[in-house]
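The values are calculated or read from the model by the stated rules, or taken from the named source; none is laboratory data. No experiment lies behind these values; they were computed from the predicted model shown. Glycine gets a Cβ as well: all are built from the backbone with ideal geometry, and neighbour counts include every protein chain shown.
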Amino acid sequence: NLIVLMLQCYILLFCPASIYQHSYAERETVVAFITVSDKDAGSNGVTKCTIVGSAPFKLKSNYKNDYSLVVDGPLDRENISVYNVTIKATDEGNPPLSSIHVLTVQVADVNDNAPKFTEPVINVYVKENSPVGSIISKIKALDPDLENNANIYYKLQETSQGNVLTSSLINVNSETGEITSLQSFDYEKLKTFQFKVQATDSGVPPLINVIHFKYMKYCRFSCF
């Protein structure tokens, strides 16, 4: 009698090499489609696909040897921007054969961080009769997002103390954050006042943070 033995030959795993996924993706969001191919017969051709190691993703079986890689946890680009997801396909042959593919998932940036100032409140001292255009202070905000989401511009929030508008006293450079005087300050007329400057990023929607200049004091002779 002639006995024909089907030998287990190979197993192939088809999936993309690299993909992008937004950090706001909810659980069960499909990241990639994966297909496993094994041309052996019987149990030698029955395959199972798994993720090796820990990652905020999981595999869902679609039909036979087709799978979806879906989000299974929170994604935060500022903490982890790239995941190398190791996917392993194994058949039920004896001995079992397997194939491994590393899928690179790059987390795309979203505008989820507002600009942050190094300190929430600043006290400023200005010498009396300083020339118009003198730099009083300079502010800087930081944004851990990328590109336009991290592009910051500054703006003076209009307030008043008595009948005096802050916009008549100072100017804020929208790009550099430099605060300059628009008039020569007179200690006898106005000794102190408060104002706020907001930092806004260029994301969609834009996010805003505000710094408070709580105590701006005019010094008659020396501020120190």
Determine whether region 78-91 contains at least one residue that is in the same structural domain as E26 (by TED's automatic domain parsing), within 33 Å of the chain's Cα centre (by Cα) and closer than 17 Å to L207 by Cβ.
-> yes
Quick check, is V71 hydrophobic (A, V, I, L, M, F, W, C), at pLDDT 85 or above, more than 13 Å from L103 (Cα to Cα) and assigned by TED's automatic domain parsing to the domain that holds E92?
-> yes
Tally the residues that are surrounded by fewer than 20 Cβ atoms within 10 Å (Cβ to Cβ) and at pLDDT 90 or above, restricting the search to region 182-199.
-> 3
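Quick check: anything in region 49-64 part of a loop (DSSP other than H, G, I, E, B), among the hydrophobic types (A, V, I, L, M, F, W, C) and surrounded by fewer than 16 Cβ atoms within 10 Å (Cβ to Cβ)?
If we filter region 49-64 for residues that are part of a loop (DSSP other than H, G, I, E, B), which is where we start, we get 53-56, 64.
Next, from what is left, pick out any that are among the hydrophobic types (A, V, I, L, M, F, W, C): 55.
Within this subset, residues satisfying the condition of being surrounded by fewer than 16 Cβ atoms within 10 Å (Cβ to Cβ) are none.
No: region 49-64 contains no residue that is part of a loop (DSSP other than H, G, I, E, B), among the hydrophobic types (A, V, I, L, M, F, W, C) and surrounded by fewer than 16 Cβ atoms within 10 Å (Cβ to Cβ).
Quick check on region 39-60: of everything there that is of a type in the set (S, T, Y) and touching a residue at least 12 places away in the same chain (Cβ under 8 Å), which residue is nearest to L146 (Cα to Cα)?
Per the stated criteria, the residue is T50.
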Would you mention how many residues in region 157-199 are hydrophobic (A, V, I, L, M, F, W, C), more than 21 Å from E119 (Cβ to Cβ) and touching a Phe, Trp or Tyr at 6+ places or on another chain (Cβ under 9 Å)?
-> 4
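Given the criteria farther than 30 Å from N111 by Cα, among the aromatic types (F, W, Y) and either part of a strand (DSSP E or B) or free of Cβ contacts under 8 Å to residues at least 40 places away in the same chain (or both), does Y83 qualify? Don't jump to the end; show me each part of the working.
Working: farther than 30 Å from N111 by Cα: no; among the aromatic types (F, W, Y): yes; either part of a strand (DSSP E or B) or free of Cβ contacts under 8 Å to residues at least 40 places away in the same chain (or both): yes.
Considered against the rule, which asks whether it is farther than 30 Å from N111 by Cα, among the aromatic types (F, W, Y) and either part of a strand (DSSP E or B) or free of Cβ contacts under 8 Å to residues at least 40 places away in the same chain (or both), Y83 comes out as no.
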Which residues, counting only those in region 89-144, are assigned to a loop (DSSP other than H, G, I, E, B), within 16 Å of H212 (Cα to Cα) and of a type in the set (S, T, Y)?
-> T118
Enumeration of residues in region 35-48 that are in a strand (DSSP E or B) and either within 28 Å of the chain's Cα centre (by Cα) or surrounded by fewer than 19 Cβ atoms within 10 Å (Cβ to Cβ) (or both) = T35, S37, K48
If we scan region 2-18, do we find a residue that is at pLDDT 85 or above, surrounded by 14 or more Cβ atoms within 10 Å (Cβ to Cβ) and either not charged (D, E, K, R) or not assigned by TED's automatic domain parsing to the domain that holds P144 (or both)?
-> no
